[in-house]
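The values are calculated or read from the model by the stated rules, or taken from the named source; none is laboratory data. Quick caveat: nothing in here was measured; it's all calculated off a predicted structure. With ideal geometry, Cβ positions are generated from the backbone for all residues, glycine too; neighbour counts draw on all protein chains shown.
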Amino acid sequence: MDPGLTSIYRAGALTLDAYRYGRVCFAGNAAHTLPIFGVRGLNSGFDDADNLAWKLAYVVAGHAPAALLDTYSDERLHAFHLNAEGARRSTEFMSPPSRGFDLFREAALSLAQEHRAICQPDQSAPDRRLSPTPTRRFRALAQSSRRARNPARR
């Protein structure tokens with residue numbers, strides 16, 4: 001190995017204190033950064049945009065007060081902290097900081113080979129449940145209504 005091509009990866013998670021300052025709203029990398037492990041950065045940026053878009057649409061259309069936009073910051077900061085904790089765990093797993101973490105990683109990988117059910121492929125699912133958009137809420141309501149009318153289709 002050429003020592004000139006090696007480096008140490010340092011994972012860091014940073015966020016603004018709030019994502020709304022008056023008439024300015026921040027989303028994605030303008031609001032926060034996350035480590036590369038777990039693909040949370042891009043996904044959370046999409047979730048930020050999704051959360052903010054429907055709220056802006058309601059406010060602009062006059063269906064909600066401007067104070068609705070304050071919930072964007074609170075909800076997405078909460079999501080950031082959940083994502084940052086998951087990213088920290090992923091980073092420790094992918095790049096163990098100590099022998100103890102390395103042993104844990106080896107044990108987890110061995111168990112995953114034998115017990116596929118312990119793997120969690122959808123890492124953004126908890127984040128998506130924080131503030132479902134009206135479309136998701138209406139879709140879920142429509143699905144439950146259809147199930148109630150047609151119990152045989154379950």
* Looking only at the stretch 42-58, which residues are surrounded by fewer than 19 Cβ atoms within 10 Å (Cβ to Cβ), under 13 Å from the mean Cα position of the chain (by Cα) and without any contact (Cβ under 8 Å) to a residue 40 or more places away in the chain? -> Leu42, Gly45, Phe46, Ala49
* To do: Have a look at Ala64, Ala84 and point out the one that is outside any helix (DSSP H, G or I), of a type outside the set (Lys, Arg) and at pLDDT 85 or above.
  => Ala64
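Restricting to the stretch 65-76, give me the number of residues that are surrounded by fewer than 17 Cβ atoms within 10 Å (Cβ to Cβ), aliphatic (A, V, I, L, M) and touching a residue at least 12 places away in the same chain (Cβ under 8 Å).
Let us first name the residues in the stretch 65-76 that are surrounded by fewer than 17 Cβ atoms within 10 Å (Cβ to Cβ), namely 65-68, 70-71, 74.
Next, from what is left, pick out any that are aliphatic (A, V, I, L, M): 66-68.
The next check asks that each one be touching a residue at least 12 places away in the same chain (Cβ under 8 Å); those that pass are 68.
Matching residues across the stretch 65-76 total 1.
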* Is it fair to say Gly45 is in contact with a strand residue (DSSP E or B) (Cβ under 9 Å, 6 or more places away or on another chain), part of a helix (DSSP H, G or I) and modelled with pLDDT under 90? -> no
* Asked: Residue check, Arg10 against (1) basic (Lys, Arg); (2) outside any helix (DSSP H, G or I); (3) touching a residue at least 60 places away in the same chain (Cβ under 8 Å), all met but one. Which one?
  -> (3)
